Amino acid sequence: MSTPHSIALAGKGGVGKTTICGMIIDYLSSTGKTPILVVDADANANLNEVLGVEVDTTLGSIREEMAQAELKGGIPAGMTKADYAEMKFSSALVEEDDFDMLVMGRTQGKGCYCYVNGVLQTQIQKYAKNYRYIVMDNEAGLEHVARGTLPHVDTLLLVSDCSRRGIQTVARLAEMVNEMGLNPTQMGLIVNRAPGGALDSGVQEEIQKHGLTLYGVLPHDEAVYRADCDGQPSSKLPATEPVKAALRGIMESLGI
């Protein structure tokens, strides 16, 4: 299989980034663009709930366990550190029909995690060749993108709400991307939860002021709110819902 197309999402908390990520995964699945490797790299996210997937093991908990094993000599006899890491990380892969999922989770402990972070990078690069797409949901700091957890980012989607402050936050993220020399193949903005799917002139001015490429606008959709309230996976909403129809148009315009 050829090199997968990687899609990374970034944006501050509360703008609906994880919901959009779930809908992108559903779009890829429904259009036959599978298999997909999903990486939830946002410690505060709940992408598995958006997708309706149960997750028992996170990479964060495995990183803790490995760091402690290395410190206290808990690696089983006869196993190298690399073999132990391989076994533990493999157990964290959640397998679904159209996609497999790795959840970062939180890392609570102190100390150096350079080795296990390196193992994570190696594992994802090893898995990557088995997939057509990789989709990663990130926290605003872009930690895992900056660290090179993904071999390369083809499409970087910066997600904002429809406020000037939200656009300013995304502009700072875009600056970080450029400063870190990440060089995604394409990078642009998706504005979420816009009333009626339209942007206020002031928000449009802010986007132009910062030189951001606007990929598209997603309307506020009451069905997403209801799904979240009812504990239902919003990614499974009908394709006819306005937000999913708008997102499908954005993905098609990007050649995805």
Set LYS81/LYS126; LYS88/LYS126; LYS72/LYS129; LYS12/LYS126; LYS33/LYS126, cut-off 26 Å on Cα-Cα distance; pairs above it are LYS72/LYS129; LYS12/LYS126
Tilt, helix 164-179 to longest principal axis of the chain (alpha-carbon atoms), in degrees rounded to tens, equals 50
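Considering just Cα atoms, how many Å³ per residue does the convex hull of the range 5-56 enclose?
Numbers: hull volume 4.5 nm³, N = 52.
Dividing the Cα hull volume of the range 5-56 by its residues yields 87 Å³.
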Result for the range 1-51: accessible area per residue, probe 1.4 angstrom, in square angstrom, of 30
To the nearest Å², the heavy-atom accessible area per residue of the range 162-218 with 1.4 Å probe amounts to 53
In degrees, nearest 10, the alpha-carbon axis of helix 242-253 is tilted away from the dominant principal axis of the alpha carbons of the chain by 80
Long-range alpha-carbon pairs in the chain, meaning those over 35 Å apart, account in percent for 16
Rounded to the nearest 10 degrees, the helix 81-90 long axis (Cα) sits at an angle to the longest Cα principal axis of the chain of 40
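Just the number, please: percent antiparallel of the DSSP beta bridges in the chain, rounded to the nearest 5. All intermediate terms of the calculation are to be shown ahead of the outcome.
Values: 2 of 33 bridges.
In the chain, DSSP labels about 5 percent of beta bridges as antiparallel.
Test of understanding: what is the full-extension gain from SER90 to ARG226, defined as 0.36 nm times their sequence separation minus their Cα-Cα distance?
The SER90-ARG226 span can extend by a further 45.4 nm.
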Taking placed amide H atoms and a strict 5 Å upper bound, the residues 5 or more places from SER6 or on another chain that come that close are ILE134, ASP154, THR155
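How much of the accessible area of the chain, in percent, comes from carbon and sulfur atoms when a 1.4 Å probe is used?
47
Please state the shape class of the range 120-244: rounded when a/c is under 1.5, otherwise prolate if a/b exceeds b/c and oblate if not, all from the C-alpha gyration tensor.
Numbers: a/c = 2.32, a/b = 1.20, b/c = 1.92.
Oblate, since a/c reaches 1.5 and b/c is not below a/b.
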For LYS88 the rounded accessible area (nearest 10 Å², probe 1.4 Å, non-protein molecules ignored) is 40
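The values are calculated or read from the model by the stated rules, or taken from the named source; none is laboratory data. Remember, predicted model here, so these are calculated numbers, not experimental data. When the accessible area is computed, the model is the full protein with side chains, heavy atoms only, and any ligands, DNA or RNA have been set aside. Shrake-Rupley method; radii C 1.70, N 1.55, O 1.52, S 1.80 Å.
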